[in-house]
Amino acid sequence: MRLTAQECEQFERDGFILLHGFAPPERCDTILEAAKAEIEKREAPIETEGEYVDTDNLTLRRLRQVYDRRAAFRDWMTDPEIRPMLAQVLHDTPVLTLAHHNSIMTKMPSRSTETCWHQDRRYWHFENDNLVSVWLALGDETMDNGVLEFIPGSHRLDFTPEQFDAKTCFMTGLPENDALIAKKVHFDLQKGDVVLFHCRTLHHAFANQTQTSKISFVYTVKGAGNAALPGTRSSDYPEIELA
Ligand SMILES: O=C(O)CCC(=O)C(=O)O
């Protein structure tokens, strides 16, 4: 499957694009069942809400390194259908990087927290920013349960370090930041919807205010010509070319 010229332009302009209904419901159910089993096991490496905020909240936030956990996850991350689209937005051969987003994301009822505005590249170390994440909704994602919001065009802007706090969150309360944040958009996602977003695109999500867990899948691809910097976490994990 390929993106239309208009969709490619949209990605270049906004830094994200929605692929509505990309993954069939049965496939999402298989992934979701596997995700729930892995969530139940809670095996390392994981991240909890307590790592994002100063609390003793050990609510699960993310299962990391999921590629190695289940065939259902590996199959999704190496899905041949999406590769041509990834090649289009990267302008290069897509390569899976297992170092970073390679995760089941959770927003648990009651105890989840807001995710601050940020660019994913904040902890990533590559020669350049040619990296795109693939977000798969495994159920409904809305403002009530913490759907992602994006700032269109933010991937093309240059920011100063003063616009970010010590945790590399894009600060609210600064007039220039707030003016940009006012332009935020989101899509209400349904099971099978995929969002591709650039690693410089500012995004955030509120807490889950519902009584049902929100479970999503996210992985990242880079252009083959974009090497991870030696000696950083980004180069510590295998890469898989999706030719
Ligand atoms: O699920 C969320 O709150 C957003 C996650 C996210 O943006 C990230 O981990 O980079």
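Restricting the first member to the range 108-122 and to residues that are farther than 16 Å from Ala207 by Cβ, and the second to residues that are of a type in the set (Gly, Ala, Ser) and within 9 Å of the ligand (Cβ to nearest atom), the beta-carbon pairs closer than 7 Å and six or more apart or on different chains are Asp120/Ser133. Within the range 205-224, residues that are of a type in the set (Phe, Trp, Tyr) reach partners that are part of a loop (DSSP other than H, G, I, E, B) and more than 10 Å from the ligand (Cβ to nearest atom) with beta carbons closer than 9 Å, at six or more positions or on different chains, in the pairs Phe217/Leu138; Tyr219/Leu98. Scanning the range 1-18 for residues that are touching a strand residue (DSSP E or B) at 6+ places or on another chain (Cβ under 6 Å) and not in a helix (DSSP H, G or I) returns Gly15, Phe16, Ile17, Leu18. For the range 149-206, the set of residues classified as among the small types (Gly, Ala, Ser) and either away from the ligand (no atom under 16 Å from the Cβ) or surrounded by fewer than 16 Cβ atoms within 10 Å (Cβ to Cβ) (or both) consists of Gly153, Ala166, Gly173, Ala179, Ala182, Gly192, listed by residue number.
Residues in the range 98-140 that are in contact with a Gly (Cβ under 8 Å, 6 or more places away or on another chain) and among the small types (Gly, Ala, Ser) were compared, and the one that is farthest from the ligand (Cβ to nearest atom) is Ala137. Taking Gly223 as the residue in question, decide whether it is within 19 Å of His155 (Cβ to Cβ), surrounded by 13 or more Cβ atoms within 10 Å (Cβ to Cβ) and in contact with a helix residue (DSSP H, G or I) (Cβ under 6 Å, 6 or more places away or on another chain). Here the answer is yes, as Gly223 does meet what is asked. Restricting attention to the range 211-229, which residues are touching a Lys or Arg at 6+ places or on another chain (Cβ under 9 Å), over 23 Å from Ala23 (Cα atoms) and of a type outside the set (A, V, I, L, M)? Selection gives nothing. For the range 207-220, filtering for residues that are within 28 Å of Phe159 (Cα to Cα) and either among the hydrophobic types (A, V, I, L, M, F, W, C) or near the ligand (Cβ under 10 Å from one of its atoms) (or both) leaves 3. Take the residues in the range 44-58 that are in contact with a strand residue (DSSP E or B) (Cβ under 6 Å, 6 or more places away or on another chain) and within 15 Å of the ligand (Cβ to nearest atom); name whichever of them is modelled with the highest pLDDT. Per the stated criteria, the residue is Ile46. Cβ-Cβ distances below 8 Å connect the following pairs, each with a first residue in the range 125-148 that is touching a residue at least 12 places away in the same chain (Cβ under 8 Å) and in a loop (DSSP other than H, G, I, E, B), a second residue that is buried (at least 22 other Cβ atoms within 10 Å of the Cβ) and among the aromatic types (Phe, Trp, Tyr), and a separation of six or more residues or different chains: Leu138/Phe217.
The values are calculated or read from the model by the stated rules, or taken from the named source; none is laboratory data. Being a predicted model, the structure only gives us computed values, none of them experimental. Heads up, the Cβs are rebuilt from the backbone with ideal geometry, glycines too, and the neighbour counts pull from every protein chain shown.
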